[in-house]
Each structure stands twice: as structure tokens, then as C-alpha cells.
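Let me begin by presenting the structure, written as C-alpha cells, before commenting on it.
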Amino acid sequence: MKILLISPFNSFEKWNHGGLTFPQLALDIIKGLTPPEHQVKIVEEEFEDVNLDESCDLVGITCMTSTAPRAYYLAEEFRKRKKKVVLGGIHPSV
């Protein structure tokens with residue numbers, strides 16, 4: 001199975017204040033816990049663009065409340081392309 005994990009940028013503007021930016025560790029932990037027969041790709045949208053036509057079987061999107069609008073947009077776009085989508089992170093959990 002090909003799994004795409006995404007950490008979206010803030011929907012109001014692409015956050016780039018010129019300082020240090022650190023990726024979240026949650027997606028790397030999920031990748032590390034995934035059985036090796038599955039391929040996992042992580043996209044940190046702060047650093048690279050999301051390819052909505054990515055070849056994958058499952059899309060996992062993590063989000064906080066500030067990134068939720070962008071996460072919902074990405075989920076909708078992937079679902080339009082017949083991809084299974086799972087949202088995780090603090091926002092959907094609460």
C-alpha cells in the first residue's frame with residue numbers, strides 16, 4: 001500500500017517568517033510504526049507543495065485548528081480523486 005502523510009500549512013497564509021521552522025514528529029513516528037511492506041511518503045507543506053495527483057492508496061492528514069481549513073480542502077480534493085482520506089491530529093481528536 002502507498003500511504004501519503006501530509007502536514008498542511010496554515011490556510012490563511014503560507015507561514016514563512018524567516019525564522020526556524022521545525023517539522024512535526026508525529027508523521028515520522030507513524031512512518032516508523034508502519035509495517036515495512038507499505039510505502040510511506042511524508043509531505044510537510046511548509047517546505048514542499050502537495051501533489052493532488054500523487055499515486056497513493058491512502059492519504060493521512062494531520063491538523064491543528066489553525067491548519068484545519070487547509071486540511072479540509074486537501075481532504076476534499078483527494079476524495080474527488082477517489083482517494084481514501086483520514087484526518088488526525090489535535091483538531092479532529094478534540
Exercise for review: Would you rank Lys82, Lys41 by solvent-accessible area, highest first, keeping every protein chain in place and using a 1.4 Å probe?
Suggested key: Lys82, Lys41
Revision key, fill the gap. For Cα extents along the principal axes in Å the list reads [x] 38, 28, 27; [y] 72, 30, 18; [z] 30, 30, 21; the calculated value is entry [x]
Check your understanding: For the stretch 27-94, which whole-number percentage of the solvent-accessible area (1.4 Å probe, protein heavy atoms only) is attributable to carbon and sulfur atoms?
Key -> 55 percent
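Grab the other residues whose beta carbon is less than 13 angstrom from that of Ser55, score K and R as +1, D and E as -1, and report the net.
In short, +2.
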Exercise for review: Enter the angle in degrees (range 0 to 90, nearest 10) between the Cα long axis of helix 68-80 and the first principal axis of the Cα atoms of the chain, meaning the one along which they spread out most.
Suggested key: 30 degrees
Check your understanding: Using 7 Å Cα-to-Cβ label points, what is the Gln39/Glu54 separation (nm, one decimal)?
Key -> 1.2 nm
Check your understanding: What residues qualify as long-range amide H neighbours of Leu5, i.e. H under 5 Å apart, gap of 5 or more or another chain, H built at 1.01 Å from N?
Key -> Lys41, Ile42, Val43, Gly60
Point to revise | Computed [θ] at 222 nm, deg cm²/dmol, the chain (DSSP H ≥ 4; -39,500 (n - 2.57); rounded to nearest 500) | key: -7500 deg cm²/dmol
Practice item. State, as an integer percentage, the relative contact order of the chain based on alpha-carbon contacts under 8 Å between residues 6 or more apart. Key: 38 percent
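The values are calculated or read from the model by the stated rules, or taken from the named source; none is laboratory data. Note that the coordinates shown come from a computational prediction; the quantities given were computed from them, not determined experimentally. For neighbour counting, all protein chains shown are included, and Cβ atoms are generated from backbone atoms with ideal geometry for every residue, glycine included. Protein only, heavy atoms only, side chains kept; ligands, DNA and RNA dropped before computing areas. Shrake-Rupley method; radii C 1.70, N 1.55, O 1.52, S 1.80 Å.
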